[in-house]
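One structure is given here, and the rest of the page talks about it.
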Amino acid sequence: MRLRLPEERPAKPPTGYKIAHPVLSHDGTRAAFTGVSLGGALPYGVLAEASCVYGLRHRPPHRRCDCGFHSVHDRAVAEALLCMAEHRAAVLLEVLVLGRYLRFERGFRSARQRVRTATVGPCGCGAAAVALADAGWGRPNWRALAPSCAGCLRGRTSLSLAAFARRAGDGLRVVAGPPAGPVSGGEPDLGVPELIAEAALLQARLDWLQSRLARLDRA
């Protein structure tokens, strides 16, 4: 006799969190997301239905398969994944878990999902992002995008956060997260020796610049 887990019938869809890479279609008319691990080759829209990544003919999420949209209960758990080098350019998604789903200790695996909010992290330089720009890689027919500040766009294909939301449609909200900063959240606490060392470094840099300018004047 096989025991069956109780079915949940919540009054409203559960909320989950995950990370993904924003992508833009080759013709620039559609915006979507692609996962960071399983199913990463299959971009999905704001409102999407899962299919088995192995091509099996069962309805996701199947108990004996890994198919379905994965998400976690805790926002902090999803944010922690953004610390990994390969995920630094990903965005944080808040999703509604729709349709049939399996609940696990840390999250869900669902048949459908709706992305409500995408939070874009800082640019690679540390400044707050104002756009999503060509990340230099992609999938067939899809160009991956990464957070970028105005100073780092450098003519790359890009979309403002609002423009990405419009192309994605279905009520998606795209917001910018805070710029990168010290872990403590404030200015580093420097003592007198550290400040003297900083001043010496700046003076050495100024001396080097003055010597270069003097050479240019003599040329």
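Residue pairs, Cβ under 9 Å, 6 or more apart or interchain, first in segment 168-192 and surrounded by 12 or more Cβ atoms within 10 Å (Cβ to Cβ) and modelled with pLDDT of 95 or more, second of a type in the set (Lys, Arg) and assigned to a loop (DSSP other than H, G, I, E, B). List them.
That search, which allows pairs on different chains as well, returns Ala168/Arg30; Gly169/Arg30.
For Phe164, only one of the following conditions fails: (1) among the aromatic types (Phe, Trp, Tyr); (2) in a strand (DSSP E or B); (3) surrounded by 14 or more Cβ atoms within 10 Å (Cβ to Cβ). What is its number?
Single failed check for Phe164: (2).
Of all residues in segment 113-167, how many are modelled with pLDDT under 95 and charged (D, E, K, R)?
The total comes to 3.
Can you say whether Leu38 is closer than 20 Å to Leu132 by Cβ, in contact (Cβ under 8 Å) with a residue 24 or more places away in the chain and out of contact with any Gly (no Cβ under 6 Å at 6 or more places or on another chain), as far as the supplied structure shows? Give the derivation first.
Details: closer than 20 Å to Leu132 by Cβ: no; in contact (Cβ under 8 Å) with a residue 24 or more places away in the chain: yes; out of contact with any Gly (no Cβ under 6 Å at 6 or more places or on another chain): yes.
Against the criterion (closer than 20 Å to Leu132 by Cβ, in contact (Cβ under 8 Å) with a residue 24 or more places away in the chain and out of contact with any Gly (no Cβ under 6 Å at 6 or more places or on another chain)), Leu38 does not qualify.
Yes/no per residue for (1) in the same structural domain as Arg112 (by TED's automatic domain parsing); (2) buried (at least 19 other Cβ atoms within 10 Å of the Cβ); (3) among the hydrophobic types (A, V, I, L, M, F, W, C); (4) touching a Lys or Arg at 6+ places or on another chain (Cβ under 7 Å):
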| residue | (1), (2), (3), (4) |
| --- | --- |
| Leu24 | yes, yes, yes, yes |
| Ala31 | yes, yes, yes, yes |
| Gly40 | yes, no, no, no |
| Gly55 | yes, no, no, no |
| Cys65 | yes, no, yes, no |
| Ser71 | yes, yes, no, yes |
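Residues that are exposed (fewer than 14 other Cβ atoms within 10 Å of the Cβ) and under 27 Å from Ala146 (Cα atoms): does segment 86-95 have at least one?
Yes, the conditions are met somewhere in segment 86-95.
Exactly one of these conditions fails for Leu159: (1) part of a strand (DSSP E or B); (2) surrounded by fewer than 18 Cβ atoms within 10 Å (Cβ to Cβ). Give me its number.
Every condition holds for Leu159 apart from (2).
Identify, by number, the condition in (1) buried (at least 22 other Cβ atoms within 10 Å of the Cβ); (2) more than 11 Å from the chain's Cα centre (by Cα); (3) part of a strand (DSSP E or B) that Ala129 doesn't meet.
It is condition (3) that Ala129 fails.
The values are calculated or read from the model by the stated rules, or taken from the named source; none is laboratory data. Here the structure is a predicted model, which is why all the values come from computation and not from measurement. Cβ: placed from backbone, ideal geometry, glycine included. Neighbour counts: every protein chain shown.
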